[in-house]
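Okay, structure first, notes after.
The values are calculated or read from the model by the stated rules, or taken from the named source; none is laboratory data. A quick note: this is a predicted structure, and the numbers were derived from the prediction, not measured. Reconstructed Cβ throughout: ideal geometry from the backbone, glycine too, with neighbour counts over all protein chains shown. The area values use the complete protein model at the heavy-atom level, side chains included, leaving out ligands, DNA and RNA. Shrake-Rupley method; radii C 1.70, N 1.55, O 1.52, S 1.80 Å.
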Amino acid sequence: MIGSIDLRPVEPGPTLSTKSQITAHIDPELVAIPYTIDPDFGSHFDTMKIMKGTYQQEFHQSYDVEFTIDVDQQGYITQFEHTFTLERYLDLIRTQSYQVIQTNWRGQSFHVMTYSYMEEVLNPNNVIFRCTDAEDVFVVAELIPFRVGGVVEQLNHRFLHFRALISARDDLYPIDYMCQPDFDLNLE
């Protein structure tokens, strides 16, 4: 399945499609994005390598992408596409793996938006890209060797798997929007 995640409100404001089939597969009580406060959560990122260049500078240098990741004129990510099985998508929602966590990191307050299972988000082998030189928004990513049929074809050709966004910019990534469970599913 191919899907996309808008990291910012789009005009007009987001609304859950009345045609969405998500609640036919998941208990509506579980269709949520939890918000938690954990001042120490940011310390997990201290074990990860911070890449030298920004997300855009490192593109085609240290990674490639399978699908589109859109950025605005300043270099902040606005949307990303992903692909995974229907079962994984439903399980990510069921387990409430999409979360917003208020934390501290590098002496600053941040919100972390997770887009994967927590063990994948916190994998110490992940890398961190800053979006701009302002160092106020970061991407946590897993760089995975290019595979065909489960076999590594090109060890040094790595695809970026988006795991989390770390943001001190609530103006760019509004918390109310980030916590809105706008999960859509259309199997047609």
Label point 7 Å beyond Cα of Gln56 along Cβ direction - residues of region 76-104 with amide nitrogen under 17 Å: 76-80
For Tyr55, solvent-accessible area (1.4 Å; no DNA, RNA or ligand), Å²: 10
Let me spell out the model: positive unit charges on the Cβ of Lys and Arg, negative unit charges on the Cβ of Asp and Glu, origin at the Cα centre of the chain. What dipole size does that give, in debye rounded to 20? 420
Of the residues Thr54, Thr68, Thr114, which exhibits the maximal mean-square fluctuation in a Gaussian network model of the chain defined by a 10 Å Cα contact cut-off? Thr68
For Glu120, tell me the accessible area in Å² from a 1.4 Å probe, rounded to the nearest 10. 40
Evaluated at 25 °C and 0.890 mPa s, the Stokes-Einstein D of the chain based on the Kirkwood radius over Cα pairs, in µm²/s, stands at 142
Rounded accessible area of Arg8 (nearest 10 Å², 1.4 Å probe): 50
For labels at Thr78 and Ile175 in the simple 7 Å Cα→Cβ model, what's the distance in nm? 2.5
